[in-house]
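Data block below; observations after.
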Amino acid sequence: MKVHLSTMGIISVMSTIVIFSYFYYFNKRLAVTFTGSYYGERSTNFLLDTVIWTAHPSSRLGNKMGEYAVLYALAKINGHKAYVLPEMHNELGKIFKISLPVIPQEVADSINWRRYTIKDWMSPEYFNISGQYVKLFGTPCSWTFYHHIRDEILQEFTFHDSIKNEANSYLERLRRHKVNVTYIGVHVRRGDYVSVMPKERKGVVADKNYLQKAMDYFRQKYDNPLFVVTSNGMDWCKKNINDSLGDVYFVGDGKEGSPARDFALLAHCNHTIMTIGTFGYWAAYLVGGETIYLTNFTLPDSSYLKIFKYEAAFLPEWIGIPADLSLVMGKQEGAL
């Protein structure tokens, strides 16, 4: 009996060592086993003899959503399993009910990834991406990657109930006594783009005339439109958007470090007016109603058009209103 207990004790110790062992390399194969939970997820067993895909996260919410959606779609197209890094999960997981599992940072740091840079639109070569450990780089924002599985992408970006309920309650309070209200989410991207567009891209941001035209479109189409304006330049919006009809509400706080509230308000409207940027794009994509966007916002010779295609960025059924390029055209003529 004593020998039996001793043997069992040894087996128990050995099992514990195996369960909690981290990494070993043998013939260039990494085997990793984790137990317990990670960020509330189920226990995850990584046996890294299989193909593992992930994406390098960027800083802003809209960019991360694009990176997540492209990772999800391309991994599925290529028949492989996708994982997200903690940085991406930390932001998206607080807002949405995303399903991709998290790969712990210490595991990701130990892997010799193949760095795979993708363009801003779907290309034939992405149907056959090779490599055992693939990390996608780039900030794609194009429906061409994932629109064929739109329902799945919308499911991934389902809001947590608390965020959804807060947004709907807020919109209901804006309605007050009005009936048959049509909510139009308006996102006005300013911030660094005010200088980036003319200086680096020979382009412009949306001006007051564009916003007036877009809002008038919905005013003519719906009896009781209600415009929900969010922006990272709210002072400019209050000075340049006509609210004399009583149908405009400046509701966003414009906090780029915590954008969930503004984004949720936009995404729970019926239709969208966007200017430029991935934040407005994703709000419009989730809403699924009519979308008006700013188009032709750079000069034809802008180097930005080498990495950006209007037809890949905006859905065919969306309505584009051309930008007024006179400001940058004047600068270009003055430089000649």
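A few notes on this one:
- Qualifying residue in region 128-135 (condition: in contact with a helix residue (DSSP H, G or I) (Cβ under 6 Å, 6 or more places away or on another chain), among the aliphatic types (A, V, I, L, M) and more than 22 Å from L286 (Cα to Cα)): yes
- Strands (runs of 3 or more DSSP E) lying entirely in region 108-196 (those with 2 or more residues that are closer than 29 Å to D235 by Cα and polar (S, T, N, Q)): none
- Condition check for T182: out of contact with any Gly (no Cβ under 7 Å at 6 or more places or on another chain), farther than 19 Å from I273 by Cβ and at pLDDT 95 or above: no
- Residue in region 139-149 that is modelled with pLDDT under 95, within 26 Å of I307 (Cβ to Cβ) and touching a Ser or Thr at 6+ places or on another chain (Cβ under 7 Å) present: yes
Residue by residue, here is whether (1) touching a residue at least 40 places away in the same chain (Cβ under 8 Å); (2) more than 26 Å from M88 (Cα to Cα); (3) touching a strand residue (DSSP E or B) at 6+ places or on another chain (Cβ under 7 Å) holds:
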| residue | (1), (2), (3) |
| --- | --- |
| R150 | no, no, no |
| D161 | no, no, no |
| E172 | no, yes, no |
| G185 | yes, no, yes |
| R189 | yes, no, no |
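- Failed item, numbered, when R176 is tested on (1) on the phi > 0 side of the Ramachandran plot; (2) open to solvent by less than 30 Å² (accessible area, probe 1.4 Å): (2)
The values are calculated or read from the model by the stated rules, or taken from the named source; none is laboratory data. If you're wondering where the values come from, they're calculated on a predicted model, not measured in any experiment. No Cβ is skipped: glycine too gets one built from the backbone with ideal geometry, and neighbour counts run over all protein chains shown. Quick note on the areas: whole protein, heavy atoms, side chains included, nothing else; ligands and nucleic acids left out. Shrake-Rupley method; radii C 1.70, N 1.55, O 1.52, S 1.80 Å.
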